[in-house]
Amino acid sequence: MAVISRLARSSTTFKVSSLIPTILSRKFTSSSLSSETTLHSSSSSWNDTSNNNGINGGNPLKFGKGKDVHWVFLGCPGVGKGTYATRLSKLLDVPHISTGDLVRDELASSGSLSPKIAEIVNSGKLLSDEIIVDLLSKRLKAGEAKGESGFILDGFPRTVRQAEILEGVIDIDLVVNLKLREEALLAKCLGRRICSQCGGNYNVACIDIKGDDESPGMYMAPLLPPAECASKLISRADDKEEVVRERLRIYDELTRPVEEFYRMRGKLLQFDLPGGIPESWPKLLHALNLDDHEDDQSAAA
């Protein structure tokens with residue numbers, strides 16, 4: 001099997017067909033969906049929408065038992081990509097692959113890349129394509145060994161170069177672009193906590209932004225830990241205000257062009273988060289035309 005890292009180190013042209021393991025080309029079969037899920041597109045592609053009204057248009061694009069699921073979640077650091085991708089992963093029974101988690105796992109493992117990654121992450125900069133593709137390749141190979149196929153990607157691609165690599169080997173069905181106001185993003189990032197014992201993710205920030213004539217108010221309740229985790233909470237090393245602001249600046253510079261890359265291909269669905277999970281999750285399902293999974297929402301929580 002071709003490994004991404006083998007050719008990703010090239011500083012010139014990537015041989016795209018050899019970069020992503022063959023797992024990406026395999027079909028995904030969902031064993032948990034008894035009926036077919038239909039999501040609508042204008043033709044064979046997805047429409048970009050900014051008003052959270054769902055995917056408009058004519059011909060249905062169908063997902064369900066025996067169908068492929070190859071989705072990407074985009075959004076600024078801290079917007080909640082992992083939260084909503086994880087829920088949809090459970091709902092559709094397809095693997096959720098977070099490059100952020102892959103990076104944190106590599107750091108925790110004290111592997112050969114760990115010191116280099118720690119230095120880059122703690123400064124708020126983005127990791128190189130070579131590092132990300134290498135980590136992703138290892139995860140895909142591990143998934144293939146377990147019989148996985150299909151995915152919801154979270155945190156990749158982050159650059160147009162990465163998007164071009166991915167586009168060259170797999171037809172991405174849908175790119176969900178999550179949006180959140182910057183002041184809420186900053187508060188969310190600074191409020192993130194992890195339980196040092198169980199690894200659970202929590203957020204101690206209570207976000208209450210008053211509305212005005214130009215924008216509505218927004219309330220996001222804190223996601224507090226259970227009593228047994230309360231005394232074991234730690235902050236991520238990169239969740240400092242100056243680092244968060246630097247990550248947002250770099251995102252604007254490098255990753256927003258990825259939005260345009262997918263918009264031009266008719267695959268981008270922009271979703272403006274109206275608040276916390278209770279307000280946003282049902283509306284996201286509606287935007288994805290997954291309202292018929294309402295009974296399954298609690299299972300994905």
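Listing for the model above:
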read-out	value
Residue match in segment 141-148 (condition: in contact (Cβ under 8 Å) with a residue 24 or more places away in the chain and either among the β-branched types (Val, Ile, Thr) or buried (at least 19 other Cβ atoms within 10 Å of the Cβ) (or both))	no
Residues located in segment 119-140, provided they are surrounded by 19 or more Cβ atoms within 10 Å (Cβ to Cβ), farther than 24 Å from LEU88 by Cα and β-branched (Val, Ile, Thr)	VAL121, ILE131
Lone unmet requirement of (1) modelled with pLDDT of 85 or more; (2) within 20 Å of GLU253 (Cβ to Cβ); (3) exposed (fewer than 15 other Cβ atoms within 10 Å of the Cβ) for GLN162	(3)
Of the criteria (1) in a loop (DSSP other than H, G, I, E, B); (2) touching a Gly at 6+ places or on another chain (Cβ under 9 Å); (3) of a type outside the set (Gly, Ala, Ser), which one LEU269 fails	(1)
Test: residue in segment 233-245 that is within 28 Å of PRO157 (Cα to Cα) and in contact with a Cys (Cβ under 6 Å, 6 or more places away or on another chain)	yes
Tally, over segment 92-108, of residues that are closer than 19 Å to LEU269 by Cα and not in a strand (DSSP E or B)	1
Residues that are more than 25 Å from PHE261 (Cα to Cα), touching a residue at least 60 places away in the same chain (Cβ under 8 Å) and of a type outside the set (Lys, Arg), drawn from segment 72-117	LEU91, LEU92, ASP93
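The values are calculated or read from the model by the stated rules, or taken from the named source; none is laboratory data. Here the structure is a predicted model, which means the values were calculated and not measured. Glycine gets a Cβ as well: all are built from the backbone with ideal geometry, and neighbour counts include every protein chain shown.
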